[in-house]
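Comments concern the structure below.
The values are calculated or read from the model by the stated rules, or taken from the named source; none is laboratory data. Since the model is a prediction, treat every value here as computed from it, not as a measurement. Cβ: placed from backbone, ideal geometry, glycine included. Neighbour counts: every protein chain shown. These accessible areas exclude ligands, DNA and RNA; they are computed on the full protein's heavy atoms, side chains included. Shrake-Rupley method; radii C 1.70, N 1.55, O 1.52, S 1.80 Å.
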Amino acid sequence: TPAPTPRPTPGFTQVSPLPAYDTARFGWEHGGPYAGAPVIPALLGFAAQAASPLDGLLDAAATAAGNHLIVVGGRRSEAGTPVQATYAAPVGADGSLGTVVRLADLAVAVARPALLFTGRYLYAIGGEASGGPTATIQRAEWVGGALLPFEIAAYLPVSVWPPVVASSGSMAVVVGAAGAAAFRIEPDLSLSAPAGLALRSDGRSPSFAAFAGPWLFLGGGGAGDYLVADCTADPAALAFHRWAEEPDGPAGGHRAAVDGATVWLAPDTRAEVGVVGLGSRGPTAHLAAGWALADPRRKHAMAVVRGTLLVVGGTPAAPPEGARILAP
């Protein structure tokens, strides 16, 4: 039996400054739903929700599971250790947040994990455990509005911290400052074993990752620009370029919620909320007067559920806030 072909060891190459992306080629080569200028929705103003166990929860992660908001992990104080708690609340047709209930605990307590809901399973990927960044990939099945017990499904093959995740079709990618990994979403909606990706980036800690067609965008954590990689170029590597056409994009310190080709951003320590639209002409950022939280927050979590942008946790320990998203 011939010996198996050795796989290259995933590595990280820091390149600064990154080469600028060929924006002319990017714009005309690919069509489809992301062709042309991004579409920017609007917000109908924020409204405070009822007080809940989410108030004051720092560095948690949030996502949507059907018509429910799911909040995972975090810590209860600035110097506190990560917690295992997970929470869920239904979101009404009017955007109101229902009663928050505690669900099954994580197998490993983490703060700032990357959350991915596949339609059947909730995955908490990486994050910060009590001893520092962790490679654990935790999974729980979502059944009837509740989570079955979490299990450790796998481990990341490379260091991915702080992790952000994006998915498109049957592919999911998690990216950090110095590592990346890819998954295949299987027909049963589970994730395959992760494969480490060679990563060429500039060492930033991204605030979000989002797909637009075959392109993976990273935002935040740098000088205010965006990075873009063509995921069809090399299945074993992510080579990011700087998107030079939008130099005033989000810098570090943002919390984000990705909703398809729209990314909502709420900066740490500031109250205003911004939006980034992704299209074949690249990202377009927009910050509108009147889109503001009642108080500036830090270390909060965000998610879009049932057409409502929800902001939960963070400091000060304020109740959740929600704003209906208006179609453009």
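I'd like the per residue volume of the convex hull spanned by the Cα atoms of the stretch 35-138, given in cubic angstrom.
Working: hull volume 16.3 nm³, N = 104.
Spread over its residues, the Cα hull of the stretch 35-138 gives 157 Å³ apiece.
For residue 186 and residue 327, a Förster radius of 41 Å and the Cβ-Cβ distance give a FRET efficiency of 0.80, rounded to the nearest 0.05.
Taking the accessible area of the stretch 135-208, probe 1.4 Å, and keeping the other protein chains in place, the carbon and sulfur fraction comes to 53%. Quick check on the stretch 192-243: take the gyration tensor over C-alpha atoms, sort the square-rooted eigenvalues as a ≥ b ≥ c, and tell me if it's rounded (a/c under 1.5), prolate or oblate. Prolate shape, in that a/c is at least 1.5 and a/b is the bigger ratio.
Residue ranges 44-51, 292-299 sort as 292-299, 44-51 when ordered by packing (mean number of other C-beta atoms within 10 Å per residue, highest first). Taken along the Cα-to-beta-carbon direction at a fixed 7 Å, the label points for residue 99 and residue 152 span 3.5 nm.
Surface composition of the stretch 72-117: carbon and sulfur make up 52 percent of the accessible area, probe 1.4 Å. Relative to the current alpha-carbon distance between residue 193 and residue 317, full extension at 0.36 nm per residue lengthens the span by 40.8 nm. Taking label points 7 Å from Cα along the Cα-to-Cβ direction, residue 81 and residue 269 give a separation of 2.9 nm. Each label point was placed 7 Å from the Cα along the Cα-to-Cβ direction; for residue 295 and residue 42 their separation is 2.9 nm.
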